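Notes for the one structure printed next.
Since every read-out is calculated from the coordinates, none of them should be taken as a lab result. These numbers were taken from a predicted model, which means no experiment stands behind them. Positions of Cβ are backbone-derived with ideal geometry, glycine not excepted, and every protein chain shown enters the neighbour counts.
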Amino acid sequence: MSGTHGTNISAGGDTGEEGDRVAALLAVTRTARELLPQTGVITDHAQLRTYECDGLAHYKVTPGLVVIPETSEQLAAVIRACADHRLPYVARGSGTGLSGGALPCADGVLVVTSRLRAIREVRRADQRAVVEPGWSTWT
């Protein structure tokens, strides 16, 4: 299994590998359920299909798990759980991109940052703003 986020886990391999992937996904799901509100953890297959592509709908992959953190602490904890269990993840904003850049992994976690929308700092002197990753100019 690759340690790089966004890398698809091979569907081949022995039953032990497949069991390891399932166990890792279940462990990360448990962690996410402990940390996030119920609406921030999606495991239902029909709901997961909502996240199978971004604006480039030609390529589709249904993710193994979707998490929608509301705080940077929740985000960091989910990413840490993915790393601890060597489970690939892909970060995604609103999913409006047309490049396929938010294409999830079938055996991995799609981390949706659209609820992280706080403005952290506005510096008028140098015309800069620090915002969370879910913020967009379209908001």
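Of note:
- Exposure proxy ranking, count of Cβ atoms within 10 Å, fewest first, for Glu18, Glu52: Glu18, Glu52
- Antiparallel DSSP beta bridges within segment 15-114, as percent of all bridges there, nearest 5: 20 percent
- Percentage of interatomic Cα-Cα distances in segment 15-114 larger than 19 Å: 37 percent
- Measuring r between the beta carbons of Arg86 and Leu56 and using R0 = 25 Å, the FRET efficiency lands at 0.35.
- Counted by neighbouring Cβ atoms within 10 Å, the residues Ile79, Ile119, Ile68 run from fewest to most as Ile119, Ile79, Ile68.
- Close amide H pairs (under 5 Å, H built 1.01 Å from N) link Val109 with Tyr89, Val90, residues at least 5 positions away or on another chain.
- From phi via Karplus (6.51, -1.76, 1.60), per-residue ³J(HN,Hα) for segment 113-126 in Hz, x at Gly/Pro: 9, 5, 8, 8, 10, 6, 8, 7, 7, 10, 10, 5, 4, 10
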